[in-house]
Amino acid sequence: MSTSINRGHIRSHPSQSPTPRPDGQNVTLTNVYAKQVAKRATGLGLTVLSNTEGIQAVYNKRLGLVEVAFRESGSLATPLGRIQVDHSCLLMVRKAANEWRVTASNPENEELTLNVNMNGKPVAIQLPGGNLAGSSITGKVQ
């Protein structure tokens, strides 16, 4: 799903999955204000961590999962710790016992070595190019 911000409104467009999934994983909100998005997310058990032009992020407390769209290199404080990346990427982060599991993909669909820091602990994730470009790869940070 892609999101564009236009004069204080958030418009979501289902670009990759035009048919809603029966398990309720897709949520499409059109012509709504940012406050309405936050209210709807709370009803789903999500906490909106960031909804800026550079970073969109939510936290699912029940799953212990942070999902982030970094549109450029950046950093974000989350309930799981501070996440820092050196390139635009899509991330899912989950804390498991004594490690973080970081799943990443490159929205530019190109090969990339993505450097991620979780609370200052680094991991380099090699994202594929070619026929596997855009695939998600999981790395562990201990």
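Taken together, the values in this text are just the output of simple stated rules run on the coordinates, not laboratory data. What you see is a predicted model; the values in this text were computed from it and never measured. Heads up, the Cβs are rebuilt from the backbone with ideal geometry, glycines too, and the neighbour counts pull from every protein chain shown.
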Lys35: which lysines have alpha carbons under 24 Å from its alpha carbon, excluding same-chain residues fewer than 8 sequence positions away?
Lys61
Gyration tensor over alpha-carbon atoms, region 93-142, equivalent ellipsoid semi-axes in Å:
22, 10, 7
Evaluate the distance, in nm, between pseudo-label points positioned 7 Å from the Cα of Leu44 and of Glu110 along their respective Cα→Cβ axes.
3.0 nm
Largest to smallest principal axis extent of the C-alpha atoms in region 46-142, angstrom
35, 31, 23
State the extension gain, in nm to one decimal, for the chain segment bounded by Arg62 and Asn119, taking 0.36 nm per residue of separation less the distance between their alpha-carbons.
18.4 nm
Hey, for a label at Lys140 modelled as a point 7 Å past Cα toward Cβ, could you say which residues of region 94-112 have their backbone N under 17 Å away?
94-104
What length, rounded to one decimal in nm, is gained on full extension from Glu53 through to Tyr33, with 0.36 nm per residue of separation minus their alpha-carbon distance?
5.7 nm
Give me the one-decimal nm value for the distance between modelled label points at Asn98 and Glu72, 7 Å along each residue's Cα-to-Cβ direction.
3.9 nm
